[in-house]
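As structure tokens, the structure follows; a few thoughts come after it.
The values are calculated or read from the model by the stated rules, or taken from the named source; none is laboratory data. As the structure is a computational prediction, the values presented were derived from the model and not from experiment. No Cβ is skipped: glycine too gets one built from the backbone with ideal geometry, and neighbour counts run over all protein chains shown.
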């Protein structure tokens, strides 16, 4: 049985959740933690708002754009970080690495050939 006090609390939480989500641009997890209610309840409150669909798609587009920027910077950092020193644990660029592998292979073949005969 839902009492008048419970309805007032629900309305108060709903209004605060909408303010935090739409005005302050806070996440559902943050709002749930701040209000002491579950994320599912916050989501239910927000889905009842006519502004929710537009805000959700705006946030998805924003996240997609920021993810693309991050991925581009990450890939660029990895490409530029390919030439390092042995002190940092990196082998170096592809040419140096190939030369090291070729040299090691040659030594290994000679050792194995010597041991076999």
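Do the conditions hold for residue 39, that is, is it surrounded by 11 or more Cβ atoms within 10 Å (Cβ to Cβ), at positive phi and touching a helix residue (DSSP H, G or I) at 6+ places or on another chain (Cβ under 9 Å)? Taking the combined requirement at face value, the residue does not satisfy it.
I'd like to check something: does the range 98-108 contain any residue that is at pLDDT 70 or above, within 32 Å of the chain's Cα centre (by Cα) and farther than 30 Å from residue 28 by Cα?
There is no residue in the range 98-108 that is at pLDDT 70 or above, within 32 Å of the chain's Cα centre (by Cα) and farther than 30 Å from residue 28 by Cα.
Report yes if residue 19 is in a helix (DSSP H, G or I), at pLDDT below 95 and surrounded by 10 or more Cβ atoms within 10 Å (Cβ to Cβ), otherwise no. In short, no.
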